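Since every read-out is calculated from the coordinates, none of them should be taken as a lab result. Please read all numbers here as calculations on a predicted model, not as lab measurements. Here the Cβ positions follow ideal geometry from the backbone for every residue, glycine too, while neighbour counts run over all protein chains shown.
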Amino acid sequence: MHSPQASYLKATEQPFVVSCFLVPGFSMLALSSLIEPLRSVNRLCGEDRYRWVVTSTQKGPVSASNGLEIKATHDLDALPKADLTIIVASLGLEHFAEAKLLSHIRWLRRQNRMFGAISNGTVLLAQAGVLDARKVTVHWETLEPLVAAYPDLQVSSEMYQIDGNVFTAAGGAASMDMILDLIASREGRSVAADVAEQFLHGAIRPSTDEQRPDLRWRYRLFDKRLEKAIMTMEKNCIKPIRISELAADIGVSERQLERLFLQAVCKSPSAFYLELRLERAYALMLNTSDSLEKIAENTGFSSQAHFSRAFKSWRGISPVAVRKKSRGDMSV
């Protein structure tokens, strides 16, 4: 893994320019979290140390996932020179195919420039073939499908990654932690802390923090064996493992595992596992345009018909009906 404290982050001629490439349906929170800390550094230091430009496939307004629009001042035919280029995306990239952008990303890599992505923008970096041995992250809902599509990638479930000249953040507020890390490397930790304080951010989270809440907090667990069992389930949604294997993995019998689950979450291990996979499928239906067949495959169901029956039994509504209601509604 390449050092995040490499020469890429050392002070350069000011101002340091960040180019934010907006993919339609991008996360407004992610964009604000990326830009606002840079503005705050300029304000606190009393000089123009950072600048930012907004680019997209074409000039003009670009709609965020919340429906608001941000004006792009540059298009793919006239992208500005920048010290760091970040693809700001969200969910639902299936309909975004822009060969010029992928070509530009490859050019950045050949020029040894700093580049990266927020949320599912990491998928575009993977499509461009520029990640090599870099460690990256992506929004947790897309992590398993990305690993399945690109098994050689080093994909982390952590908040953000800065690996050499490649910057990736899982989305939303994690963008601020990533840019605060960059500010700390260039300006010093005290400046980064002052910026974080301006936004009532609290302590800057390290890149090693996991995206999702601690299992003990989420499920109110007090048994490390259960914690390990649920963690294993979450990591094996595409190819579910047998309950007998799960019990053996944590050193208990199947019967004892069932008692542990019933006491802690009032569900059997198999029922809990099924619901966990259905919740994952529901999120994919709401936030991606993957086919129902693909969603069924990515959540461990043997067929779309099997998935549809299980989902309707769980939610009282068919996956087809959910998909019809969710078209165009993306939020991360």
Next item on the list: Excluding residues fewer than 8 places away in the same chain, name every one of the aspartates and glutamates whose C-alpha is closer than 12 Å to that of residue 100.
Entry: 75, 77
Margin query: Cβ neighbours within 10 Å, averaged per peptide: list 36-43, 70-77 in order, most packed at the top.
Written below: 36-43, 70-77
Note to self: Nearest 10 degrees is fine. How inclined is helix 28-45 to the longest principal axis of the chain, computing both from alpha carbons?
What the structure shows: 40
Notebook entry, point to check: Using Cα atoms only, what is the angle between the long axis of helix 304-315 and the major principal axis of the chain, expressed in degrees (0 to 90) to the nearest 10?
Noted result: 90
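Give the shape of the range 215-326 as rounded, prolate or oblate, defined through the alpha-carbon gyration tensor: a ≥ b ≥ c are the square roots of its eigenvalues, a/c under 1.5 means rounded, and otherwise the shape is prolate if a/b is larger than b/c and oblate if not.
Details: a/c = 2.26, a/b = 2.00, b/c = 1.13.
Here the range 215-326 falls in the prolate category.
Rank-order 295-303, 80-88, 229-237, 163-171 by packing density, defined as the average count of other C-beta atoms within 10 Å over each peptide's residues, highest first. Please list the in-between numbers first.
Values: 295-303: 19.1, 80-88: 21.2, 229-237: 17.3, 163-171: 27.4.
Most protected by this proxy first, the peptides run 163-171, 80-88, 295-303, 229-237.
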Next item on the list: Sort the chain into rounded, prolate or oblate with this rule: let a ≥ b ≥ c be the square roots of the eigenvalues of the Cα gyration tensor; rounded if a/c is under 1.5, and if a/c is not under 1.5, prolate when a/b is larger than b/c, oblate otherwise.
Entry: prolate
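Counting helices only, and only those DSSP H runs with n ≥ 4, report the 222 nm mean residue ellipticity of the chain as the sum of -39,500 (n - 2.57) divided by its residues, in deg cm²/dmol to the nearest 500. Write out the running numbers ahead of the final one.
On the way: 14 runs with 155 residues, N = 332.
It comes out at -14000 deg cm²/dmol, rounded to the nearest 500.
Could you tell me which of rounded, prolate or oblate describes the range 7-198, using a ≥ b ≥ c as the square roots of the eigenvalues of the alpha-carbon gyration tensor, with rounded for a/c under 1.5 and, failing that, prolate when a/b is larger than b/c and oblate otherwise? Walk me through the numbers on the way to the answer.
Working: a/c = 1.45, a/b = 1.27, b/c = 1.14.
Judged from the Cα gyration tensor, the range 7-198 comes out rounded (a/c under 1.5).
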Margin query: Compute the helix-to-body angle for 269-287: its Cα long axis versus the longest principal axis of the chain, expressed 0 to 90° and rounded to tens.
Written below: 40
Item checked: Fully extended contour minus Cα-Cα distance, from residue 113 to residue 77, at 0.36 nm per residue -> 11.1 nm
Check: For the peptides 305-316, 54-65, what is the packing order when you average, over each peptide's residues, the other Cβ atoms within 10 Å and list the highest mean first?
Finding: 54-65, 305-316
Margin query: Could you check the spin-label model distance between residue 321 and residue 244? Points 7 Å from the Cα along Cα→Cβ, value in nm.
Written below: 3.8
